[in-house]
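The values are calculated or read from the model by the stated rules, or taken from the named source; none is laboratory data. As the structure is a computational prediction, the values presented were derived from the model and not from experiment. A quick note on method: Cβ atoms are made from the backbone with ideal geometry, for glycine too, and the neighbour counts reach across all protein chains shown.
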Amino acid sequence: MNDEAVHRMPRRDPQAPRGRVLDAQLHVLDRQVLDRDGMPVTTVDDLEFDGIQLGVRIEPGSPAPTVAAILTRPQLPMRIFGGDSPASRRVRIPWKLVSGVGTTVRLGVAGESLDATWVERWVSRHIIGRIPGGRHDPE
Amino acid sequence: MILSDLLGSDALEADGRRVGGVVDVRLEISGAPAQLLAATVVTGVLVSPRSRVSTWGYERREETAPLLIARLQRWLHRGMFLVAWDDVELVDEHRVVFRDGYEQRDPMLPPAPRT
């Protein structure tokens, strides 16, 4: 390739996005989280970032922070009793388990393997499952 | 640090002048490749000079329907701008401080990919 051809090549805008662009609150917060089989797991209550330290000056050229995890809360008690559970009851779903973000946030793992669903699993196994007819679909 | 600690924070210039509130955090799925999805990096913060919350994002998208709500939202968030993460100097409780000479950029989102 000669010099003239190089000059004619369009230069990449250094500020142009290199991947899918999302706004955290607009596109991720409050979205439903589905597992790899499309089963609802929870909703996104908050996001945890890696690489931001409160009150510490950010040196120019430092690596950008990354999304570390989805934060959520057990849904079942809220569905039964209403209200909101405290922040100390937050459950963390590592962002590395996310396989896609669209109308919903999709995970690449089964919901049963996550801490976010243990309350539902426990209630299903130990309470609902002991009620006659509680272990199969309605006929 | 979590997202809700950043949202609603005061956005300050290096000399302490308040220029608005942080209404959102811009992300890009463009980091190091991972097993399922590339790392999602923070590329900037969105600042609204007149509000601390943004609900539907009309001011960042081309959408115009329903017209009345779109116009109201654009008016409410007029003057919104994006500050690249490279221009952020400090994140502290309830405040984000920008570097001296930071740039106020266009907050518009690129068109969503067709699926």
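Residues checked against (1) crowded, with 16+ Cβ neighbours inside 10 Å; (2) farther than 19 Å from A:ASP115 by Cβ; (3) more than 13 Å from chain B (Cβ to nearest Cβ); (4) at pLDDT below 90:
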position	(1), (2), (3), (4)
A:VAL6	no, yes, yes, yes
A:PRO17	no, yes, no, yes
A:LEU29	yes, yes, no, no
A:SER62	no, yes, no, no
A:PRO65	yes, yes, no, no
A:ALA69	yes, no, no, no
A:PRO77	no, no, yes, yes
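Working only within region B:57-80, note down all residues that are without any contact (Cβ under 8 Å) to a residue 40 or more places away in the chain and buried (at least 16 other Cβ atoms within 10 Å of the Cβ).
B:TYR58, B:ALA70, B:GLN73, B:LEU76
Among the residues of region B:9-40 satisfying the criterion of being touching a residue at least 24 places away in the same chain (Cβ under 8 Å) and β-branched (Val, Ile, Thr), which is farthest from the other protein chains (Cβ to nearest Cβ)?
Here the answer is B:VAL19.
Looking only at residues in region A:95-111 that are without any contact (Cβ under 8 Å) to a residue 24 or more places away in the chain and not in a strand (DSSP E or B), which one is farthest from B:MET1 (Cα to Cα)?
By that ranking, first place goes to A:GLY102.
Which ones in region B:84-97 are touching a Leu at 6+ places or on another chain (Cβ under 8 Å), more than 9 Å from every other protein chain (Cβ to nearest Cβ) and within 15 Å of B:VAL42 (Cα to Cα)?
B:VAL96, the sole residue that qualifies.
Mind telling me which of the residues A:ARG36, A:ARG92, A:ARG57 ends up being in a strand (DSSP E or B), closer than 25 Å to B:ALA39 by Cβ and modelled with pLDDT of 90 or more?
From the options A:ARG36, A:ARG92, A:ARG57, the qualifying one is A:ARG92.
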